[in-house]
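These notes concern the structure reproduced below.
The values are calculated or read from the model by the stated rules, or taken from the named source; none is laboratory data. As the structure is a prediction and not an experimental result, all values here were calculated from the model. Backbone-built Cβ (ideal geometry, glycine too); neighbour counts: all protein chains shown. For the accessible areas, the whole protein counts, side chains as well, though only heavy atoms, and no ligand, DNA or RNA atoms are used. Shrake-Rupley method; radii C 1.70, N 1.55, O 1.52, S 1.80 Å.
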Amino acid sequence: MPHTLKRYAVLLIAALVAHSTHAQQIFANGFESGPPAKSGLGVNLEEFVDFAVAYPLTDFFKQSRPWITASQTVFDTDDADQLDLDADGWVQSLPACAAGDPQQFCIARTVLNSGNLAWPNGRYLVLYEGSGTIDYGIGAQKIVAESAPGRDVLQVNGNQIWRLDITATAAAPNHVRNIRVLPPDFDPAIAAVPRFHPDFLAELTPYRTLRFMDWMKTNGGGFFGGPNEQENFADRAQLTDAHWGREEGMPLEVMIELANVVDGEPWFTLPHRANNAYIDGFAQMVLAQLDAGRRVYVENSNEVWNSAFPQGGEIEARGNLLYGNLGDPFIRRLNAHGQRTAEICLRFKAVFGAQANRVTCTIGAQAANAFTQTEAADCPLAVQTGQRATACHDDIDAVAIAPYFSNYTNLPVNQDEIELWTLDQLFTEISEGGQLQDVFPDVATPCTENFPPVLTEPCPISSLEEVMPWLAAHKASANTRGLAVIAYEGGQHLVGVFGVENNSAITALFTSANRDSRMRPIYEAYLQEWKDGGGELFAVFALSGSYTRFGSWGMVETLGQSPRPPKAQAVLNFNAANPCWWSGCQQ
């Protein structure tokens, strides 16, 4: 995100789509015939966690929370480090519950739908191998009369969190394992169960490219958290893992399969610690499993310029080792990022060999600061120290930015005004500007964010107008370097930061704006300006997500949302009017 915060097939066979009410709603509300020949838009996928809006898989257990520990009286005893798990993460032994110590850990627990969101409601199947006892609760009740060892039938409230507890298990190798949780209308005894849920696939129809940054846990623990620690290819998530929402992220095989199923292009954001063998192994698997001819986007980590994420500091430390005292630390960070990006691009394309033209290598840059493009793409320190013979951009294809609009509306300096705004004022600011009345330095606007500030009060530059010079600056720099300009993320940035997220009036204003019908033409105009300014592929952020004080990122708030919300409808309208527009985009 920008400088103020960082936050089978889609054409399903009729019998499969008929299983899903949500999918029926989707196809009946605006794109039952699919997208244009090729959309110009991509999408970022919501993080794969137990509190997500999206439920991408038909095996819901994969999305459940990694095991926690419970006692007879305590929901979470916080003893997960004491769990006895096999190599795949299945519980292979438990201590007995002691009558004299009701707070002692003796239960392995996981939860599903902890956000109390709109997941499928009805009868679920829980299938498992091994011998033991599984208990359920909160929003799930076991139908005893219809259950048998290895096959439990549940009645689940789809709008409520529910728990799955292993209260006893046989000794390994006969321990409870390979648990599958199948939602309504899926039963392998009746028909083969596909990997992906049709409600999720239907939502992907308008998009050509799937950016897997959050599925890959590229940012590790997120803002000021720990880094993604994957270095060797063996460190990646495995298909056999009990849970796929852990720190390793989603298995690569699943991401490739999804791209094939929806006729889409995968966009991978590789872990910043990944060694050369990791890059080679990753590229080899993509080449072997991705459908022939399909394009793949490759990016070195995510937002390396953003010091809120842990990878930035680690890459800066790498730059200090590479370049000594040349430049300042941030300059060394950008150069190290450019150098490693070029190295990754060369290795990935070498694996693809004669098919290297399928690979688009991207370098991420800050939208509001084109210098982050030019310094990384030119990597003068790498050239100066003899680690590169030429500028890094010679081995890179595109620069990727995140041109979010309305960044300044969320800052503490504007809080005293914006907390009193109506929706009319907010939408006028987005489209026309001039609504913030305070004077510098008690205001942040597109005028005051210029260097030097243009002290015009009130500022006549709108949120949408502010973004276009960023694109122009990146486009001018990219043109001289032979790079395309694409958007790795983008959309509205109406979310409080630096404490403003705790202002309930501003949160209510921002969430209401995202649901307001006026957001549709705003998005259409924004995407049109991107296209007209020379931008190419644009990956909106994000496919789905709840609207909270931490942002209203989702194009939809529930899968199958009907009627289509304004942002989602804008995507459909823009696609209809603008099939992909750059050279080679129909490939």
Out of all the residues in region 488-511, which are under 23 Å from the mean Cα position of the chain (by Cα) and more than 17 Å from ALA367 (Cα to Cα)? VAL495, GLY496, VAL497, PHE498, GLU501, THR507, PHE510, THR511
Of the conditions (1) out of contact with any Gly (no Cβ under 8 Å at 6 or more places or on another chain); (2) buried (at least 20 other Cβ atoms within 10 Å of the Cβ), GLU432 satisfies every one except a single condition; which number is it? (2)
Taking the condition of being among the small types (Gly, Ala, Ser) and touching a Lys or Arg at 6+ places or on another chain (Cβ under 6 Å), how many residues in region 358-407 meet it? 2
In the set ALA259, ALA192, ALA242, ALA234, the lone residue that is part of a helix (DSSP H, G or I), over 19 Å from the mean Cα position of the chain (by Cα) and not β-branched (Val, Ile, Thr) is ALA234
Give me the strands (runs of 3 or more DSSP E) completely within region 2-117, filtered to those with at least 2 residues that are modelled with pLDDT of 95 or more, aliphatic (A, V, I, L, M) and open to solvent by less than 30 Å² (accessible area, probe 1.4 Å), ordered by residue number. 41-44, 68-70, 107-112
Please state which one of PHE268, PHE200 is modelled with pLDDT of 95 or more and part of a strand (DSSP E or B). PHE268
Are any residues in region 345-397 in a loop (DSSP other than H, G, I, E, B) and of a type in the set (Val, Ile, Thr), and if so, which ones? THR385, THR390, ILE396
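Yes/no per residue for (1) assigned to a loop (DSSP other than H, G, I, E, B); (2) β-branched (Val, Ile, Thr); (3) open to solvent by less than 10 Å² (accessible area, probe 1.4 Å); (4) within 19 Å of LEU464 (Cα to Cα):
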site: GLY490; (1), (2), (3), (4): yes, no, yes, yes
site: LEU494; (1), (2), (3), (4): yes, no, yes, yes
site: ALA508; (1), (2), (3), (4): no, no, no, no
site: SER517; (1), (2), (3), (4): yes, no, no, yes
site: TYR523; (1), (2), (3), (4): no, no, yes, yes
site: TYR526; (1), (2), (3), (4): no, no, yes, yes
site: GLY535; (1), (2), (3), (4): yes, no, yes, yes
site: LEU559; (1), (2), (3), (4): yes, no, yes, no
Take the residues in region 215-231 that are open to solvent by 40 Å² or more (accessible area, probe 1.4 Å) and within 17 Å of the chain's Cα centre (by Cα); name whichever of them is nearest to GLY490 (Cα to Cα). PHE223
From the option list LEU334, LEU321, LEU346, single residue qualifying as more than 25 Å from the chain's Cα centre (by Cα) and over 17 Å from ILE279 (Cβ atoms) is LEU321
Among the charged types (D, E, K, R), farther than 17 Å from LEU45 by Cα and at pLDDT 95 or above: does that describe GLU536? yes
When PHE498 is run through (1) touching a Leu at 6+ places or on another chain (Cβ under 9 Å); (2) surrounded by 15 or more Cβ atoms within 10 Å (Cβ to Cβ), the failure sits at (2)
Cβ-Cβ below 7 Å, separation at least six or inter-chain, first residue in region 573-587 and over 16 Å from ALA487 (Cα atoms) and open to solvent by 30 Å² or more (accessible area, probe 1.4 Å), second part of a helix (DSSP H, G or I) and of a type outside the set (Lys, Arg): which pairs? ASN573/GLU524
Conditions: (1) part of a helix (DSSP H, G or I); (2) in contact with a strand residue (DSSP E or B) (Cβ under 9 Å, 6 or more places away or on another chain); (3) not small (Gly, Ala, Ser). THR409 meets all but one. Number of the miss? (2)
For region 383-415, which residues satisfy the criterion of being open to solvent by 60 Å² or more (accessible area, probe 1.4 Å) and either β-branched (Val, Ile, Thr) or within 26 Å of the chain's Cα centre (by Cα) (or both)? THR390
Search region 498-513 for residues that are closer than 14 Å to ASN407 by Cα and pair each with any residue that is at pLDDT below 95 and open to solvent by 20 Å² or more (accessible area, probe 1.4 Å) when their beta-carbon atoms are under 9 Å apart and the residues are at least 6 apart or on different chains. PHE498/LEU5
For region 154-181, give me each residue that is in a strand (DSSP E or B), open to solvent by 10 Å² or more (accessible area, probe 1.4 Å) and β-branched (Val, Ile, Thr). THR167, THR169
